[in-house]
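K.L.:
Sharing a structure, written as structure tokens. Questions coming.
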Amino acid sequence: MVRGGIIEAATVLVSVRAVWILIFHFLMSNLAPWCRRGWSLVDQETILKLTRPSLAAFSMTISNAVGLQGMILTIGWFMGPASAAIFGTVRMLSRAPLQFSGLLSRASIPELTRAYEAKNTQLTQKLMRLNISAALLVMLPSSIILIMYGPSILSTLSHGNLIASRVEFILMSLAMLCVTIWTTLAAPLIATNQQAKFSRVILLAYCSQTLVPIAFSSFQQAPYFAVLGAELTSLLWIARIIRKNPSSQ
């Protein structure tokens, strides 16, 4: 078996990303030859108009980084590397189905944009119901399987070195269900560059959850409650926005 270190893994990652950038550039040049690039084509008015949604989108990227990596860092620092390893693996197993559940909602964003801009409430609602149904169709069975067999799966994958309780899988599965719903509900807002309506709350929720392992380092399940709390807060806030603006449903 070939083994490598962090530098080798990072080199491979950068190389693959660089190749994909070249492939993406080639595809864009062929599929959208009308799309020109260059500083001379910059429209200052358009840039100023897009600054706020761009910063909101960047805030979402920071939130994701804090939520994913910040939790691991604080758990590892204040609760020990074993707790960080267990948490990271439980979250990875719980998030894996989330990637599949998001395929349809991401693919529907162009159609959602068109329907929203055309004020076609009926089509927007139909797409939203379809997205939520498809996402839950993936997440619910996956969550049930993880709740029932998650501890055994984790133990098998780690050769018995990582042990997590069923409660921890329940909390993480509930958190991932919240993520599934709120990201689907937020799709029309993202499609129309309205991330600013919820990005600050998401960032605050995700930053707050990283403080929980510091305050409750002796409580092994505290990080799982923190993640669930952050995702539930995000869900409730976005549901509030949707209720105030029914046309985005």
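K.L.:
Say we look at the stretch 97-125 and pick out the residues that are at pLDDT 75 or above and not in a helix (DSSP H, G or I); which of these is most open to solvent (accessible area, probe 1.4 Å)?
P.N.:
Looking at residues that are at pLDDT 75 or above and not in a helix (DSSP H, G or I), I get 119.
K.L.:
Further, regarding this structure: Restricting to the stretch 63-96, give me the number of residues that are of a type outside the set (Ser, Thr, Tyr) and surrounded by 16 or more Cβ atoms within 10 Å (Cβ to Cβ). It would help to see each step written out before you state the result.
P.N.:
Restricting attention to the stretch 63-96, the residues satisfying the condition of being of a type outside the set (Ser, Thr, Tyr) are 64-73, 75-82, 84-88, 90-93, 95-96.
When the remaining residues are screened for being surrounded by 16 or more Cβ atoms within 10 Å (Cβ to Cβ), the result is 66-67, 70-72, 75-76, 78-79, 84-88, 90-91, 93.
Residues that pass the stated criteria total 17.
K.L.:
Test residue 86 against the stated conditions and say whether it is closer than 19 Å to residue 193 by Cα, modelled with pLDDT of 90 or more and not hydroxyl-bearing (Ser, Thr, Tyr). Talk me through it step by step, then tell me what you get.
P.N.:
Numbers: closer than 19 Å to residue 193 by Cα: no; modelled with pLDDT of 90 or more: yes; not hydroxyl-bearing (Ser, Thr, Tyr): yes.
Answer is no for this residue.
K.L.:
Next question, about the same structure. In the stretch 1-49, which residue that is of a type in the set (A, V, I, L, M, F, W, C) and not in a helix (DSSP H, G or I) is farthest from residue 192 (Cα to Cα)? Can you show your working first?
P.N.:
Taking the stretch 1-49 and keeping what is of a type in the set (A, V, I, L, M, F, W, C), we get 1-2, 6-7, 9-10, 12-14, 16, 18-24, 26-28, 31-32, 34-35, 39, 41-42, 47-48.
Next, only the ones that are not in a helix (DSSP H, G or I) stay: 1-2, 32, 34-35, 42.
On the way: 1: 48, 2: 47, 32: 22, 34: 23, 35: 21, 42: 21 Å.
The residue in question is 1.
K.L.:
Please count how many residues of the stretch 45-96 are more than 25 Å from residue 146 (Cα to Cα) and over 22 Å from the mean Cα position of the chain (by Cα).
P.N.:
9
K.L.:
Which residue out of 202, 170, 145, 190 is surrounded by 16 or more Cβ atoms within 10 Å (Cβ to Cβ), in a helix (DSSP H, G or I) and over 15 Å from the mean Cα position of the chain (by Cα)?
P.N.:
Values: 202 fails: over 15 Å from the mean Cα position of the chain (by Cα); 145 fails: surrounded by 16 or more Cβ atoms within 10 Å (Cβ to Cβ); 190 fails: over 15 Å from the mean Cα position of the chain (by Cα).
When all the criteria are applied, what remains is 170.
K.L.:
Give me the pairs: first residue in the stretch 165-181 and under 16 Å from residue 234 (Cβ atoms), second residue open to solvent by less than 40 Å² (accessible area, probe 1.4 Å) and among the acidic types (Asp, Glu), beta-carbon distance under 8 Å, and six or more apart or on different chains, which are they?
P.N.:
Going by the 8 Å Cβ cut-off, the qualifying pairs are 175/231; 176/231; 178/231; 179/231.
K.L.:
Pairs under 6 Å by beta carbon, first residue without any contact (Cβ under 8 Å) to a residue 60 or more places away in the chain in the stretch 70-95, partner open to solvent by 30 Å² or more (accessible area, probe 1.4 Å) and of a type outside the set (Lys, Arg), six or more apart or different chains?
P.N.:
Partner pairs satisfying both residue conditions: 84/72; 88/72.
K.L.:
Go through the stretch 10-44 and give me each residue that's polar (S, T, N, Q) and either at pLDDT 80 or above or within 26 Å of the chain's Cα centre (by Cα) (or both).
P.N.:
Quick first cut of the stretch 10-44, residues polar (S, T, N, Q) only: 11, 15, 29-30, 40, 44.
Listed by number, the residues that qualify are 11, 15, 29, 30.
The values are calculated or read from the model by the stated rules, or taken from the named source; none is laboratory data. On a predicted model such as this, the values are computed, not experimentally measured, just so you know. When we count neighbours, we look across all protein chains shown, and the Cβ atoms used for this are built from the backbone with ideal geometry, even at glycine. Accessible surface is based on the protein model in full, side chains and every heavy atom, while ligands, DNA and RNA are left aside. Shrake-Rupley method; radii C 1.70, N 1.55, O 1.52, S 1.80 Å.
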